[in-house]
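Remarks on the structure that follows.
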Amino acid sequence: VTHALFEPIRLRDVEVRNRLWIPPMCQYSVERKDGVPTDWHLMHLGSFARGGAGAVIVEATGVVPEGRISPWDLGLWNDEQRDAFRRITDLIHAQGAKAGIQLAHAGRKASTWREWEGREGNTPVDEGGWQPVAPSAIAFPGLTTPTELDQAGIDGVVTAFAEAARRAVDAGFDILELHGAHGYLGNQFLSPISNHRTDAYGGSLENRARLLIEIVDAVRAEVGEGVPLVVRLSATEWSDDGYTAEDSVTVSRWLKEHGVDLISVSTGGNVADASIPVGPGYQVPFAAQIRADAEVPVAAVGMIDEPFQAEQIVVLGQADVVLVGREALRDPNFPIRAAAALRYPLEYKPAQYARAYR
Ligand SMILES: Cc1cc2nc3c(=O)[nH]c(=O)nc-3n(C[C@H](O)[C@H](O)[C@H](O)COP(=O)(O)O)c2cc1C
């Protein structure tokens, strides 16, 4: 059996021990609504590092308060938040994994309820919510109409990403991911459905990609050449009105030219009623297409729940990294289990658990 999944991968100055990584997954668990990580985040993220993941990527983390998806999201707009992330990166490193963080701005999909609250629409101001901003004053169905960002607002977003990136590196993060997917701000700018601007940020694909590119450039200038940058894209909107997979290839090529090291290839999120053919590995073909046509390393994600399936994706050259989300929530030790299934002698099983694997 091949062991491609457990080959290390190097991105700039960072060598990651394997290609089985944990994607960002919002926990909506900042009960104080101040963006500061809690014991829950420490336990949640640490468990994946213990479980053998190569890299653990922290959930969508707001670069500004109004960029959070909900009031319960993590943030990185101040130094108190930065300092509180340190014990998380220390714990991940102590288990031999690399720490990544997804820097995010939710745009028109900000200020919502956490799923399990079972409430519709936006969180009102008197319960910790706020007025969202977006490329255009076009609401996501079911949510409030956002305020259109002006040039100063756009410049502020770019600066906030760069400052959050600096804090992330200072907090010990090895890998920075910029959220350009799932209908959040970067995706809202990319999509002709949510971006009706007539200035330099709207119209052509080049203009719609401008914000993402400016963020990448500002972050790179702030953190230097050694830090790997990942951009997460929705490769398709699953809608005839949206941009296409070919457009995503073009954008990925531009991102690569601007020094992005890995594209994390997801789909959807900007079109409420899109019908998505969800099934095993359903987004892998988009990852393979971007990898082949834009000639950039990619991560594949989406219902990759089986060890041989994950191995096959890397062996066939469809992706360089495989992200396992919900299956890792069900079993944080999934990488250890995958190694056993593939008969790979994983040298970083916790000694404390050795008796469980004899
Ligand atoms: C609880 C939960 C929270 C998520 N939060 C984020 C997030 O913060 N950022 C993001 O880009 N994707 C997020 N996602 C999407 C996952 O990163 C992943 O792309 C998706 O779950 C599909 O992979 P899977 O089938 O392995 O779970 C989330 C998914 C789940 C289940």
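The values are calculated or read from the model by the stated rules, or taken from the named source; none is laboratory data. Since the structure is predicted, the reported quantities are computational estimates derived from the model, not experimental observations. Don't worry about glycine lacking a Cβ; one is built from the backbone with ideal geometry, like all the others, and counts go over all protein chains shown.
Among the numbered conditions (1) on the phi < 0 side of the Ramachandran plot; (2) free of Cβ contacts under 8 Å to residues at least 60 places away in the same chain; (3) among the small types (Gly, Ala, Ser); (4) within 16 Å of the ligand (Cβ to nearest atom), the only one that Gly281 does not meet is (1). Annotation note: of Gln81, Gln151, the sole residue that is within 30 Å of Pro350 (Cα to Cα) and either small (Gly, Ala, Ser) or in contact (Cβ under 8 Å) with a residue 40 or more places away in the chain (or both) is Gln81.
Total residues in region 13-48 satisfying the condition of being over 20 Å from Val314 (Cα atoms) and touching a Gly at 6+ places or on another chain (Cβ under 7 Å): the figure is 4. Against the numbered list (1) touching a residue at least 12 places away in the same chain (Cβ under 8 Å); (2) under 30 Å from Phe140 (Cβ atoms), Pro124 comes up short only at (1).
Please verify whether Thr89 is more than 26 Å from Arg119 (Cβ to Cβ) and at pLDDT below 95, treating the condition exactly as stated. No; evaluated as a whole, the condition is false for this residue. Of the residues that make up region 170-177, is at least one within 16 Å of the ligand (Cβ to nearest atom), part of a loop (DSSP other than H, G, I, E, B), over 11 Å from Gly107 (Cβ atoms) and touching a residue at least 40 places away in the same chain (Cβ under 8 Å)? Yes, some residue in region 170-177 is within 16 Å of the ligand (Cβ to nearest atom), part of a loop (DSSP other than H, G, I, E, B), over 11 Å from Gly107 (Cβ atoms) and touching a residue at least 40 places away in the same chain (Cβ under 8 Å).
Here the condition is being acidic (Asp, Glu) and surrounded by 16 or more Cβ atoms within 10 Å (Cβ to Cβ); of Glu222, Glu246, it holds for Glu222 alone. For Ile304, the criteria (1) in a loop (DSSP other than H, G, I, E, B); (2) more than 13 Å from the ligand (Cβ to nearest atom) hold in every case but one, which is (2).
In this entry, Leu229 is excluded by the filter for residues that are in contact (Cβ under 8 Å) with a residue 24 or more places away in the chain, buried (at least 22 other Cβ atoms within 10 Å of the Cβ), closer than 21 Å to Gly259 by Cβ and out of contact with any Lys or Arg (no Cβ under 9 Å at 6 or more places or on another chain). Close contacts from region 298-319, counting a first residue that is over 21 Å from Val56 (Cα atoms) and a second that is in a loop (DSSP other than H, G, I, E, B) and modelled with pLDDT under 95, with Cβ to Cβ under 6 Å and a gap of 6+ residues or different chains, come to Val315/Thr2. State whether one or more residues within region 262-280 are surrounded by 17 or more Cβ atoms within 10 Å (Cβ to Cβ) and more than 24 Å from Ser191 (Cβ to Cβ). Within region 262-280, not a single residue is surrounded by 17 or more Cβ atoms within 10 Å (Cβ to Cβ) and more than 24 Å from Ser191 (Cβ to Cβ). Yes or no: region 150-168 includes at least one residue that is over 30 Å from Val16 (Cα atoms), over 20 Å from the mean Cα position of the chain (by Cα) and assigned to a loop (DSSP other than H, G, I, E, B). Yes, region 150-168 has at least one match. Determine, yes or no, whether Gln312 is more than 16 Å from the ligand (Cβ to nearest atom), part of a helix (DSSP H, G or I) and not hydroxyl-bearing (Ser, Thr, Tyr). Against the criterion (more than 16 Å from the ligand (Cβ to nearest atom), part of a helix (DSSP H, G or I) and not hydroxyl-bearing (Ser, Thr, Tyr)), Gln312 does not qualify.
Looking at Arg326, Arg291, Arg343, just one residue is surrounded by fewer than 17 Cβ atoms within 10 Å (Cβ to Cβ), more than 15 Å from the ligand (Cβ to nearest atom) and modelled with pLDDT of 95 or more, and that residue is Arg343.
Identify, from the list Thr250, Thr244, Thr236, the residue that is farther than 24 Å from Val58 by Cβ and free of Cβ contacts under 8 Å to residues at least 24 places away in the same chain. Steps first, please.
Details: Thr250 fails: free of Cβ contacts under 8 Å to residues at least 24 places away in the same chain; Thr236 fails: free of Cβ contacts under 8 Å to residues at least 24 places away in the same chain.
Only one candidate passes the filter, namely Thr244.
In summary, Gln318 fulfils each of the numbered conditions (1) under 24 Å from Asp174 (Cβ atoms); (2) more than 10 Å from the ligand (Cβ to nearest atom); (3) not in a helix (DSSP H, G or I) with the single exception of condition (1). Filtered by the rule that a residue be in a helix (DSSP H, G or I) and small (Gly, Ala, Ser), region 270-301 gives Ala287, Ala288, Ala292, Ala294.
Table: residues versus (1) away from the ligand (no atom under 15 Å from the Cβ); (2) within 25 Å of Val158 (Cα to Cα); (3) crowded, with 17+ Cβ neighbours inside 10 Å.
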{"residue": "Leu11", "(1), (2), (3)": "yes, yes, yes"}
{"residue": "Glu15", "(1), (2), (3)": "yes, no, no"}
{"residue": "Asn18", "(1), (2), (3)": "yes, no, yes"}
{"residue": "Val30", "(1), (2), (3)": "no, yes, yes"}
{"residue": "Asp39", "(1), (2), (3)": "yes, no, no"}
{"residue": "His44", "(1), (2), (3)": "no, no, yes"}
{"residue": "Ala53", "(1), (2), (3)": "no, no, yes"}
{"residue": "Gly75", "(1), (2), (3)": "no, yes, yes"}
{"residue": "Asn78", "(1), (2), (3)": "yes, yes, no"}
